[in-house]
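Written below as structure tokens is the structure these notes are about.
The values are calculated or read from the model by the stated rules, or taken from the named source; none is laboratory data. Not measured: the values here are computed from a predicted model. In this analysis, Cβ positions are derived from the backbone assuming ideal geometry, glycine residues included, and neighbour counts consider all displayed protein chains. Just so you know, the surface numbers come from the protein's heavy atoms only, side chains and all, with ligands and any DNA or RNA stripped out. Shrake-Rupley method; radii C 1.70, N 1.55, O 1.52, S 1.80 Å.
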Amino acid sequence: MIGIKWIWAFLDTVEGDADASEAFWQNVTRTRISTRRGEREEFATLIPEGGDPWVKVQRVFSGGGVHLDLDVDDVGAGAAEAARLGATVVHRYPDGTVIVMRSPGGFTFCITSWAHAGSPTTQIRIGEPDLLDQVCLDIPSTLFDQECSFWEKLTGWNRRPAGREFERLARPDGIPIGLLLQRLDTVTGEVGAHVDFACHDRGASRVTHEAAGATFVGEPNPDEWTVMRDPVGRVYCLTRRSP
């Protein structure tokens, strides 16, 4: 367990698609974008009207997708524990504030320095029609048990079944992002991820998201979730959960 203080959901988008992606995600999360930062101004934060932010965007040269930043008090110790549990180091920032890692199944995440140390953190949930509040790890079936065990031990959050192909880690109070673990039918490949919205009314949220530029993909479980695609091809879900 690494003592997570805050979790950031990162939306990574190829440079040429970034403007359209960022405009869409600002719209559906009802946020504004921060001042850009980084050597290429590749990073920005989506700022909500109230409370602390928990979603960031990054412009990348290739690939794209979703990754997590895990804020901890001691980055070095956190990365060492992640490595002990089976993760590998990809890159260390020279200032020691960020260590990029890959889980045993190949999912990219970062151990990062807790910027809010000593101050309260609050994600506003009351009054929102929907809320980006979950990252689902999409795990090939042969990697599922190992990957679930890794994340349970890394976070220290209790793991419980959440349906035939899902397990959920119990998100502590004060942490903005929950983790859902999905067993895919595919056997090979690396672990990926998508984001989920909790929705008071999935039908109304679908209409809002389509008006912002998303497209409907399907409803594998019509009672529980709706699969959508953002304007640049990123798949995400609208789910039947209270924000």
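Restricting the stretch 23-51 to residues that are in a loop (DSSP other than H, G, I, E, B) and of a type in the set (Ser, Thr, Tyr), which is least open to solvent (accessible area, probe 1.4 Å)? So that I can check it myself, show each step before the final result.
Taking the stretch 23-51 as the starting set, the residues that turn out to be in a loop (DSSP other than H, G, I, E, B) are 30, 34-36, 38-42, 49-50.
Within this subset, residues satisfying the condition of being of a type in the set (Ser, Thr, Tyr) are 34-35.
On the way: 34: 26, 35: 117 Å².
Checked the stretch 23-51; the qualifying residue least open to solvent (accessible area, probe 1.4 Å) is 34.
State whether one or more residues within the stretch 138-149 are closer than 29 Å to residue 28 by Cβ and open to solvent by 10 Å² or more (accessible area, probe 1.4 Å).
The answer is yes, given that some residue of the stretch 138-149 is closer than 29 Å to residue 28 by Cβ and open to solvent by 10 Å² or more (accessible area, probe 1.4 Å).
Look through the stretch 57-73, keep the residues that are touching a residue at least 60 places away in the same chain (Cβ under 8 Å) and in a loop (DSSP other than H, G, I, E, B), and return whichever of them is nearest to residue 31 (Cα to Cα). Spell out how you get there, then give the answer.
In the first step, residues of the stretch 57-73 are kept if they are touching a residue at least 60 places away in the same chain (Cβ under 8 Å); the result is 64-73.
Keeping just the survivors that are in a loop (DSSP other than H, G, I, E, B) gives 64, 73.
Details: 64: 21, 73: 27 Å.
My answer is 64.
Out of the stretch 150-174, which residues are surrounded by 20 or more Cβ atoms within 10 Å (Cβ to Cβ) and touching a residue at least 60 places away in the same chain (Cβ under 8 Å)?
150, 154, 155
Output the qualifying pairs, or none if there are none: Cβ atoms under 6 angstrom, residues six or more apart or on different chains, first residue in the stretch 220-243 and in contact (Cβ under 8 Å) with a residue 40 or more places away in the chain, second residue among the aromatic types (Phe, Trp, Tyr) and open to solvent by 40 Å² or more (accessible area, probe 1.4 Å).
Close Cβ pairs (under 6 Å, with a partner that is among the aromatic types (Phe, Trp, Tyr) and open to solvent by 40 Å² or more (accessible area, probe 1.4 Å)) amount to 237/225; 239/225.
Which of the residues spanning the stretch 147-162 are in contact with a strand residue (DSSP E or B) (Cβ under 9 Å, 6 or more places away or on another chain) and more than 26 Å from residue 52 (Cβ to Cβ)?
Passing the criteria: 147, 148, 149, 159, 160, 161, 162.
Under 7 Å between Cβ atoms, at least 6 apart or on separate chains: pull out the pairs that start in the stretch 193-212 with a residue that is modelled with pLDDT under 95 and end on any residue that is part of a helix (DSSP H, G or I) and of a type outside the set (Ser, Thr, Tyr).
Going by the 7 Å Cβ cut-off, there are no qualifying pairs.
From the list 114, 6, 54, pick out the single residue that is open to solvent by less than 10 Å² (accessible area, probe 1.4 Å), in contact (Cβ under 8 Å) with a residue 24 or more places away in the chain and touching a strand residue (DSSP E or B) at 6+ places or on another chain (Cβ under 6 Å). Give the derivation first.
Details: 114 fails: open to solvent by less than 10 Å² (accessible area, probe 1.4 Å); 54 fails: open to solvent by less than 10 Å² (accessible area, probe 1.4 Å).
So the residue among 114, 6, 54 that is open to solvent by less than 10 Å² (accessible area, probe 1.4 Å), in contact (Cβ under 8 Å) with a residue 24 or more places away in the chain and touching a strand residue (DSSP E or B) at 6+ places or on another chain (Cβ under 6 Å) is 6.
So which strands (runs of 3 or more DSSP E) are wholly in the stretch 186-242 and hold at least 2 residues that are touching a Pro at 6+ places or on another chain (Cβ under 8 Å) and open to solvent by less than 70 Å² (accessible area, probe 1.4 Å)?
Values: elements: 192-199, 215-221, 225-229, 235-239.
Passing ranges, in order: 192-199.
Which of (1) acidic (Asp, Glu); (2) touching a strand residue (DSSP E or B) at 6+ places or on another chain (Cβ under 8 Å); (3) open to solvent by 30 Å² or more (accessible area, probe 1.4 Å) does residue 81 not meet, given it meets every other one?
For residue 81, the failing item is (2).
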